[in-house]
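The numbers here are math on the coordinates, done by the rules we state, and not lab data. Keep in mind that what you see is a predicted model, and the values were worked out from it rather than measured. In this analysis, Cβ positions are derived from the backbone assuming ideal geometry, glycine residues included, and neighbour counts consider all displayed protein chains.
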Amino acid sequence: MLATQLKYDLLMFSREIFYLVFTIVVPPLSYIVLGQLFQEQTYAGNLNYAQTYTPAFILLITFTVIFFAFGFDQVSHRTTGVEKRIQLTPVSKNILLLSGIIRSLIITSLGYALICLIGILVYSLNFELAGFLHSYAVFILINASLLLIASAIYSFFLNDKSALVFSIVIFQVVMLTGGFAMPVERMPAFVQTIADLNPLYHMNKIFTAVWNNQLHFDSSTYLAIGYIVFLSVLSLFILQNKNKRKY
């Protein structure tokens, strides 16, 4: 039953033009376009464009998939009556949730492979299997954290229209303050302040460091990891509270 539901969810995702544009088209296209403009520059840690922005755009795809195709879908199912109709079928709510999680992991993993492939073919990115697998393990942990955070955030929405507006706005904010468009350090002070509150910014820094084998456990790293863990635990607490209220 799970396999059938997963197949259906993947099929429905492929038919959603909105999801495809924001998750499959925009991040890779932005990665290529920005690369043509800034590939000669050197970034923090003496990294080149591919070393800095390959993990960044992998993370951007992960964010868009989880927030649009997972979080927003939950609101849509809840507000359009899909969730209630499913409860009348043999498909349980847990199977629906598990299918959504697996679908997100499959699509984000494909995004991981796609950005890597573009980096290798277009920007001569070095490929090392051990580093690839090590980064992928951290990538899965980031997926888990974002799934919790997205579920908690979207649990507050009462209609899909407001959730859609939020999704579009938060995409712009994350793009600007997450280090995906340009280094946050080169932006105005107020943008840097917003970035400090943005978990994607901290995830991006950690993932980029892991990707390039430059992760050092200093105070800033511990603060970043602690902040992400705190938000994940808080999200779990919110979800558990909301589930208790339903019963």
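The table for this structure:
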| item | result |
| --- | --- |
| Residue tally, condition more than 13 Å from the chain's Cα centre (by Cα) and in a helix (DSSP H, G or I), over the range 111-126 | 11 |
| Filtered residue count, the range 169-194, keeping only those that are touching a helix residue (DSSP H, G or I) at 6+ places or on another chain (Cβ under 6 Å), in a helix (DSSP H, G or I) and closer than 15 Å to Thr52 by Cβ | 1 |
| Qualifying positions in the range 196-247 - in contact (Cβ under 8 Å) with a residue 60 or more places away in the chain, surrounded by fewer than 17 Cβ atoms within 10 Å (Cβ to Cβ) and in a loop (DSSP other than H, G, I, E, B) | Asn213, Gln214 |
| Number of the exception - Val174 against (1) over 14 Å from the mean Cα position of the chain (by Cα); (2) among the hydrophobic types (A, V, I, L, M, F, W, C); (3) closer than 15 Å to Leu197 by Cα | (1) |
